[in-house]
Amino acid sequence: MDNEQIRYLMIEQQIRPWEVLDPVVLDLLTRVKREDFVPAVYQSLAFVDMAIPLGNGEYMWEPKLEARVLQSLALQPADRVLEVGTGSGYFTALLANLAAEVVSIEIVPELQEEAVKKLKAHGLENVTVKLGDAARDWNADGTFDAIVLTGSSPVLPEAYLSRLKPGGRLFVLVGEGAMMTAVLVTCVAPGACQRNELFETRVKALTHALEPERFAF
């Protein structure tokens, strides 16, 4: 089978069964070539239901997680988006195809440099990929309509709530250990947020992620 046939099976067998039915998202997954962002050594795994190693202890999300998170963000064409953890740059590319502007922060220099090259190769000019540590907050670029943290955090980094515009959405995987909860926080009014728990999964924590207070006896 060629890549287009395998991509079709990925969508039908992995993504649709995970409750991703938004036609805009499904169409985008057929157009943005996931294999272009997968490290060469793992090309044969580009459409497999697994997290793919990127080096430096980082991983690319499995396809169904990418699709489910993208659907939950419900991005609009005028949205300004912050992504914490660029990784391979593939999810960044998906965001950039739906939003007006994407600011993406990556802490690993090698990943940041490689992602910039791949995004440029795909002609995406509405993305800025910066090198930095944004696990707990990022106050350098104003406010956003959507913020997504691509690594988990033991506790929700509430500093990000002040970075949301009215109606803005924050996606983060919260928890430690074997299971974490995908949380979508929506800013429904100034100073008022609504928290929805979407599903459970497990991903690597962001470097320097916010830790809960721990009591010593």
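Just so you know, all these numbers are worked out from the coordinates, no wet-lab data involved. Predicted model only: the values in this text are computed from it and were never measured. FYI the Cβ positions are ideal-geometry reconstructions off the backbone, even for glycines, and counts take in every protein chain you see.
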Original post:
Roughly speaking, what is the centre-to-centre gap between segment 52-122 and segment 1-37 when only Cα atoms are used, to the nearest Å?
Top reply: 16
**OP:** Binning at 5 Å from 0, report for the chain what percent of all alpha-carbon pair distances ends up in each bin.
**Re:** 1, 7, 15, 20, 22, 18, 10, 4, 2, 1, 0, 0, 0
Original post:
Classify segment 117-195: rounded, prolate or oblate, from the alpha-carbon gyration tensor (a ≥ b ≥ c, eigenvalue square roots; a/c under 1.5 rounded; otherwise prolate if a/b is larger than b/c)?
Top reply: oblate
**OP:** For segment 3-201, give the magnitude of the charge dipole about the Cα centre (Cβ charges: +1 Lys/Arg, -1 Asp/Glu; no others), in debye to the nearest 20.
**Re:** 300
Subject >> Considering only segment 54-206, percent of DSSP beta bridges that pair antiparallel, nearest 5 >> reply: 45
Original post:
Once the dipole of the chain is set up with Lys and Arg at +1 and Asp and Glu at -1 on Cβ about the Cα centre, which of T207, P53, V81 lies farthest towards its positive end?
Top reply: V81
Subject >> GluC sites (Glu not before Pro), loop per DSSP, at most 10 other Cβ atoms within 10 Å - longest free stretch of the chain >> reply: 1-124
Original post:
Along the charge dipole of segment 28-126, Cβ charges K/R +1 and D/E -1, which of I107, L29, A96 sits furthest on the positive end?
Top reply: L29
Original post:
Could you put R136, R169, R163 in order, starting from the residue whose Cβ has the fewest other Cβ atoms within 10 Å?
Top reply: R136, R163, R169
